[in-house]
Amino acid sequence: KAVVSTQSTGARQISAAYDEKKDAKSLSQLKTFVGKLPHIQAEKKALEIQTSIAALIRKGLDKDYYDCFAIEQELREGLDVDKLNAPIEEMIYRQAPLTKVLRLIAVQCIASDGLRPKLYEFYKREVLQAYGYHHLLTFDRLEKSRLVYMQEKNQATSYPTLRSKMKLCVDNVNEKDPTDISYVYSGYAPLTVRLINWLTQGSQREGLTYLDDIVKYLPKPCFTKKQKSAPASQERWDGGGEVHTLIYFIGGCTYAEVSALRFLAQNHPNKQFTIATTKMLNGNTLLDSIIEPSPTEGVPEFML
């Protein structure tokens, strides 16, 4: 909706700019219009590119995309995360792309701090029967990466606490004129960027104290290491001076996280963020690196 609205506004502005030529009645007005013409043409070309990109994106948004989006929203809000999710079961039965199925199972697992043993075994059994038993290796990797795993006995759930304390889920997000980083995921604030968001508010000491309180709820293993800041550095931070912060994502980060950090930088002119990462990824590319390929993948058809 925000993209369509922006494109419509841009088209109206360009049309109004071209209409100035019709209203020009003197030589000076024509000169003014000619001076603006290169800028108007550049804006028109940029709008055409944006429209083409938006059209290509829409082609990739099939029914599964909207279904998955709705399921993810429910799970991140904590709705029935400890029960069998019927839409996920249905996707397995009709053999929807495995990346989409595992992505939803992973979201449910994270939202419930691990799947109940019976539910974990059910999903695992159904995926193996539908997609092949070579995916035993896939589940082994998912467990090691802590994307899909079983709950431990008497395990306390931390996601609801994190969601509440860090305001990870935000209602009524204005994607056209956002006021919070949650706009990048249509109402969900990336945990990594929310941590940075909290640390950039108030004094450096207040931010580190808050971090100590939050760390105990983060997925394990997790640790913090504090470096002693030079007095001048801390004074710049606490006094509103310009501060440069290096943010390093080990394992990779998403373009949405980068967008959220850019949004933070715009709202904190005195704080400059430099982003470094080992890889740019998304949910699909991450799972593609984990999913075990089919034994017949790459084998000529006449040999099957």
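For the stretch 1-130, give the percent of accessible area contributed by carbon and sulfur heavy atoms, probe 1.4 Å, rounded to a whole number. Walk me through the numbers before you get to the answer.
Working: 4720 of 8080 Å².
Taking all protein chains in place, the stretch 1-130 shows 58 percent carbon and sulfur surface.
Can you give the FRET efficiency to the nearest 0.05 for Thr278 and Asp177, using r as the Cβ-Cβ distance and R₀ = 35 Å? Display every interim value, and only then the final one.
Working: r = 34 Å, r/R0 = 0.96.
Once rounded, the FRET efficiency stands at 0.55.
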Restricting to aspartates and glutamates and to Cα separations under 19 Å from Lys63, and discarding same-chain partners fewer than 8 apart, the set is Glu72, Glu74, Glu89, Glu90
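So between Leu27 and Thr296, what do we pick up on full extension, going 0.36 nm a residue minus the alpha carbon distance? Please list the in-between numbers first.
Working: separation 269, 0.36 × 269 = 96.84 nm, distance 7.34 nm.
This chain segment gains 89.5 nm when fully extended.
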Just grab the label-to-label distance for Ser8 and Phe223, each label 7 Å out from Cα along the Cβ direction, in nm (one decimal).
5.4
Suppose R0 equals 22 Å. What FRET efficiency, 1/(1 + (r/R0)^6) with r the Cβ-Cβ distance, do Ser158 and Arg94 give to the nearest 0.05?
0.05
Scan around Val148 for amide H atoms under 5 Å from its own, H built in the peptide plane at 1.01 Å from N, and keep only partners 5 or more places away or cross-chain.
Glu143
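I'd like to check one number: the per residue accessible area of the stretch 83-123, probe 1.4 Å, reported in Å² as a whole number. The partial results should precede the final answer.
Working: 1710 Å² over 41 residues.
With the other protein chains kept in place, the stretch 83-123 gives 42 Å² per residue.
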What's the Kirkwood radius of the stretch 17-155 in Å, using all Cα pairs?
18.9
Can you put Arg103, Arg146 in order of accessible area, largest first, using a 1.4 Å probe?
Arg146, Arg103
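Could you list, in their original order, any pairs among Lys225/Lys279; Lys124/Lys153; Lys44/Lys271 whose Cα atoms are separated by more than 28 Å?
In this structure, Lys44/Lys271 lie more than 28 Å apart at Cα.
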Express in Å², to the nearest 10, the accessible area of Asp171 obtained by rolling a 1.4 Å probe over the protein heavy atoms while all chains stay in place.
110
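The values are calculated or read from the model by the stated rules, or taken from the named source; none is laboratory data. Note that the structure is predicted; figures quoted are calculated from it, not measured. So basically every Cβ, Gly included, is an ideal-geometry build from the backbone, and we count neighbours across all protein chains shown. With ligands, DNA and RNA removed, areas are computed over all heavy atoms of the protein, side chains included. Shrake-Rupley method; radii C 1.70, N 1.55, O 1.52, S 1.80 Å.
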